[in-house]
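The values are calculated or read from the model by the stated rules, or taken from the named source; none is laboratory data. If you're wondering where the values come from, they're calculated on a predicted model, not measured in any experiment. As a convention, Cβ positions derive from the backbone with ideal geometry for all residues, glycine included, and neighbour counts pool all protein chains shown. For accessibility, only protein heavy atoms count, side chains too; no ligands or nucleic acids. Shrake-Rupley method; radii C 1.70, N 1.55, O 1.52, S 1.80 Å.
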Amino acid sequence: MSSPALGNEPQHTADSSAHPPSSRPSKTTRAARIALVVLLVAELMNILDHSVVLTALPALQESTGAGPAAVQWLTAGYSLTVAVGLVTGGRLGDIHGRRKILLIGTVVFTLASLLCGLATGPGVLNGARVLQGAGVALMIPQVLATLHVTFDGENRSRAFGLYGAVLSLGSVLGPVLGGVLTELDLLGLSWRPIFLISVPVGLAVIVLGRTFIPESTARKADRLDLTGMLLSALAVVLSIFPLTEGHTHHWPLWCFAMLAAGLLVLGVFLLHQQRRQGDAPLVALSLFRGRQFSGGLSAQLMLGLLCGLFFMTWTLYLQHGLGMSPFHAAVAFVLLALGELAGATTAARTAGRFGRRLPQAGSLIALASMAAYGVQISSRQTDLTLLAMTAPVVLIGFGLGMVGGPLADMSLAKVPHEKAGSASGLFNTAMHLGLAIGTALTALVFFSATAGSPDGAINRTAFTGVLWLVGGMVAVMWLLMFCLPTRTVRAGNRTRD
């Protein structure tokens with residue numbers, strides 16, 4: 001895919017909102033293009049490392065002796081750590097510089113990827129995955145924030161369109177890489193290359209990012225709200241941990257107590273933020289006054305939720321329900337990837353001209369295709385082949401691919417530049433929190449039905465139920481998109497309904 005024309009990056013460390021849109025150059029520069037590529041590669045690493053383990057799960061279980069709970073934590077622990085740290089990571093970028101924090105996060109992520117590849121047991125591997133999540137929590141808020149303060153008008157929409165394409169590509173390229181690399185068994189390393197491949201990529205991001213990504217900070221972000229940081233982290237952990245562990249321990253009372261405590265701590269956090277609105281809060285609550293941001297944030301949460309549930313259970317269905325090898329399961333993910341890439345490319349080329357109608361159309365395409373796929377699974381049973389499922393799988397991907405970029409663009413379009421880090425952290429938190437909850441829900445709606453059995457019929461029945469649930473989530477996401485504008489008219493930085 002060729003890179004669209006993009007605007008210049010600001011050559012200063014102050015927030016670029018200090019300069020009116022008319023004063024910012026629109027001429028395309030080589031440095032701006034390279035900066036965009038580096039930012040998108042950083043985002044791609046995050047998406048890949050959430051999903052790369054999916055098709056390698058059976059081999060990883062056999063190699064390390066990991067049980068169902070440990071398998072869940074390979075993805076849920078990663079997403080949980082990311083969700084805990086994203087808002088803080090965004091705020092750190094506002095205060096200390098978005099490029100600086102991105103590079104620090106990339107260093108942590110790269111070292112953790114090396115540890116994952118060298119791990120000998122599930123404990124060390126899960127610990128390294130948590131460290132990866134910490135690195136990502138520093139990296140990823142800087143991507144959206146830097147895109148938001150660097151590009152304007154049509155260039156901004158195209159940049160966000162490419163961002164959506166990367167989200168779509170990464171979510172399915174990860175399982176493909178996981179399946180192919182595990183099947184190849186390079187140098188007898190089995191699943192380990194799925195993590196080691198991130199090491200040279202991370203080093204490239206560090207070197208190129210230091211040279212080409214422009215530095216930016218918020219003018220009034222002078223300190224970090226430590227109390228707010230601790231309260232937000234505690235609320236997330238208290239909410240996600242019992243959802244992940246509850247099934248394993250047969251839902252004891254402490255699970256429900258932790259969930260209730262999580263809601264209580266969330267309330268305390270919001271009160272604390274309200275009191276600090278004039279004194280450098282962790283989250284700018286004024287962002288939620290506009291339905292465009294709050295509705296888009298809710299839709300993003302739902303998107304993460306359905307992706308976390310669908311991708312985890314689909315790979316198990318393909319391998320246990322249909323008896324596919326990791327390689328053939330990877331081919332199925334390729335079909336989905338092609339569809340997502342086509343949908344995201346379509347969204348990028350329209351550059352925001354259709355407003356909410358574009359992602360809503362994508363949601364309806366995905367919903368109809370999931371219904372068709374569910375009927376096909378129920379009727380074909382073990383006879384379902386890759387060729388037969390091509391049409392619904394590609395269309396599911398196409399529909400979902402039309403959502404990510406436009407959703408991010410419209411949700412953040414009216415956010416002031418000085419709040420870019422906070423807004424970006426919240427938006428990314430919604431996705432990763434959704435992924436963590438969706439992955440945790442596999443215990444309730446999939447593992448509880450299969451009881452860890454590799455029996456094909458049991459896995460097929462369980463996945464069919466999951467598919468209908470995911471379809472319902474897509475419908476809810478479609479409804480939430482009514483909060484987005486019907487059309488967008490660019491005027492410098494501003495977007496008008």
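For every other residue with a beta carbon closer than 11 angstrom to the beta carbon of G209, add +1 if it is Lys or Arg and -1 if Asp or Glu, then tell me the sum.
On the way: positive: R98, R99, K100, R210; negative: E215.
Local charge sum for G209: +3.
Over segment 334-434, what is the mean sequence separation of C-alpha contacts under 8 Å (at least six apart), divided by residue count, expressed as relative contact order in percent?
On the way: 114 pairs, mean separation 45.1, N = 101.
After rounding, I find 45 percent.
For the chain, what relative contact order do you get, as a whole percent, if you take Cα pairs closer than 8 Å and at least 6 residues apart? Walk me through the intermediate numbers first.
Numbers: 977 pairs, mean separation 121.1, N = 497.
Relative contact order comes out at 24 percent.
Please give me the summed charge of the neighbours of T64: other residues whose Cβ is under 15 Å from its Cβ, Lys and Arg +1, Asp and Glu -1. Write out the running numbers ahead of the final one.
Details: positive: R129, R192; negative: E62.
Here the charged neighbours net out to +1.
Students often check this: by mean Cβ neighbours within 10 Å, which of 73-85, 377-389 ranks highest, and how do the rest follow? Walk me through the numbers before you get to the answer.
On the way: 73-85: 26.4, 377-389: 13.2.
Averaged packing, sorted descending, gives the order 73-85, 377-389.
Say R0 is 45 Å: what FRET efficiency, to the nearest 0.05, do L264 and L187 get from their beta-carbon distance? Spell out each step's value before the answer.
Working: r = 51 Å, r/R0 = 1.13.
The value I calculate is 0.30.
Starting from the Cα of A204, step 7 Å along the direction of its Cβ; do the same at H249; then give the gap between the two resulting points in nm.
Computed distance between label sites A204 and H249 equals 4.4 nm.
Full-extension gain between F327 and R276, please, as 0.36 nm times their residue separation minus the C-alpha to C-alpha distance. Walk me through the intermediate numbers first.
Working: separation 51, 0.36 × 51 = 18.36 nm, distance 5.24 nm.
Contour length minus the Cα-Cα distance gives 13.1 nm.
Suppose a student asked you for the relative contact order of segment 365-481, using Cα pairs under 8 Å spaced at least 6 residues apart; what percent would you report?
36 percent
Tell me the net charge near L412. Cut-off is 11 Å between Cβ atoms, L412 excluded, with +1 for each Lys or Arg and -1 for each Asp or Glu. Present the calculation step by step, with values, prior to reporting the outcome.
Details: positive: R156, K414, K419; negative: D409.
Summing Lys/Arg as +1 and Asp/Glu as -1 gives +2.
Under a 1.4 Å probe, what is the accessible area of segment 137-208 per residue, stated in Å²?
Numbers: 2090 Å² over 72 residues.
Here the per-residue accessible area is 29 Å².
Mind checking which helices in the chain clear 18 Å along their axis (Cα) and have mean Kyte-Doolittle hydropathy of 1.6 or more, DSSP H runs only?
On the way: long enough: 30-51 (32 Å, 1.19); 68-96 (41 Å, 0.70); 98-118 (30 Å, 1.50); 122-150 (41 Å, 1.01); 153-184 (45 Å, 0.67); 198-212 (20 Å, 1.67); 226-245 (28 Å, 1.77); 253-275 (34 Å, 1.48); 291-316 (38 Å, 1.00); 326-350 (36 Å, 1.12); 357-380 (34 Å, 0.53); 386-401 (21 Å, 2.06); 420-442 (33 Å, 0.93); 456-480 (36 Å, 1.43).
Span-like helices here: 198-212, 226-245, 386-401.
For a label point 7 Å from the Cα of H96 along Cα→C-beta, name the residues of segment 394-430 whose backbone N is under 17 Å from it.
421-422, 425
Take the Cβ-Cβ distance between T227 and S453 as r, set R0 to 45 Å, and report the resulting FRET efficiency rounded to the nearest 0.05.
Numbers: r = 47 Å, r/R0 = 1.04.
Computed FRET efficiency for T227 and S453: 0.45.
Ignoring ligands, DNA and RNA, how do H320, H250 rank by accessible area with a 1.4 Å probe, largest first? If you can, show how the numbers build up before the last one.
On the way: H320 60, H250 155 Å².
Largest accessible area first, the residues go H250, H320.
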